[in-house]
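Working notes for the structure below.
Bear in mind these aren't lab numbers, they're just calculated from the coordinates by the rules spelled out. A quick note: this is a predicted structure, and the numbers were derived from the prediction, not measured. Cβ sites come from the backbone with ideal geometry, for glycine too, and all protein chains shown count toward neighbours.
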Amino acid sequence: MRVPVVRHSTLRRRALRRRVLWTGGELLVTVGVVLLLLVVHQLWWTNRQAQHNADRAVRALEREWGAPGTPGPAGPSEGAEGAEGAEGAETEAGGGSARSPERERGAGSTDTPAAAPRWSQAYAVLTIPRLGLRVPVAEGVGKRDVLNKGYVGHYQGSQQPGQGGNFALAGHRNTHGEPFRYINRLRPGDTVRVETASAVFTYAVDSTLPRTSARDGGVIGRVPRSTVRPSYGYSSPGYYITLTTCTPEYTSTYRLVVWGKLRSMKPR
């Protein structure tokens, strides 16, 4: 009977192979844990942190104004206030004639130039009752200074709340508070309210552009109209609000756009 002889070189190779496999397995586990932590940080912690920042900014504005606001009922009807604004502030889309500026101003809007807010400063509060959303509005749409804080950003160059033209806003759909995650659920007539130090402006959702190019600047124009899909948008001056965010979810390939029209204004 022959006894097998195992050379030391063979043993060393086997031991080296085991160490390589073990080290590779440890590296894969470590990489997996790191990736999992990154996902948790991006999808959970950034939301938690940004929502805390946004809530704190809203409370600070309410203290500054001296009167906390409370979300109103969802839907198109807001009683006498809605009727007043519907008579004076609404313009027709798709070629209808705009109402006179005097009549629109009488409905509660204002074309008086306001002092421009400082960059990244929270200066208004956006409330969308259907979505249970109450979030600060800051000047600019920079990620680090505005959007990643959980704020909604105002496009510089677009009009301010209640002014003739287009009050255009952007917000994250996913991560960093994701304030605009569910704006695709808004329907015509839903209420969008913007509070400032001087007044509360109520807009009514009018239409939605489900998808357009990220470079479609027409959607935030003074008279908002898509340059990519011209059948979406307006052809007459008016008092508009525009909400923009990324689509599909977890990507930044396209833009989702929601438009509304000014219904009424209530001074503080």
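Observations, loosely collected:
- Neighbour-limited loop hits for trypsin sites (Lys or Arg not before Pro), region 138-229 (at most 10 other Cβ within 10 Å; DSSP other than H, G, I, E, B): ARG144, ARG215
- Region 182-268: C-alpha gyration tensor shape, a/c 1.5 cut-off, then a/b vs b/c: prolate
- Efficiency of FRET from Cβ geometry, THR30 and GLN121, R₀ 45 Å, rounded to 0.05: 0.60
- A cut-off of 5 Å between modelled amide H atoms, ignoring neighbours fewer than 5 places along the same chain, links SER264 with THR202.
- Net charge, TYR182 excluded, C-beta distance under 11 Å - Lys, Arg +1, Asp, Glu -1: +2
- The simple Förster model, with R0 at 51 Å and r as the Cβ-Cβ distance, assigns GLU64 and ARG14 a FRET efficiency of 0.10.
- Estimated inter-spin distance, LYS143 and SER207, nm [label 7 Å along Cα→Cβ]: 3.2
- Taking θ as phi - 60° and the Karplus parameters 6.51, -1.76 and 1.60, the scalar couplings of region 210-216 work out to x, 7, 8, 5, 5, 9, 7 Hz in sequence order, x denoting glycine and proline.
- Neighbours of GLY140 by Cβ distance under 12 Å: Lys/Arg scored +1, Asp/Glu scored -1, total +2.
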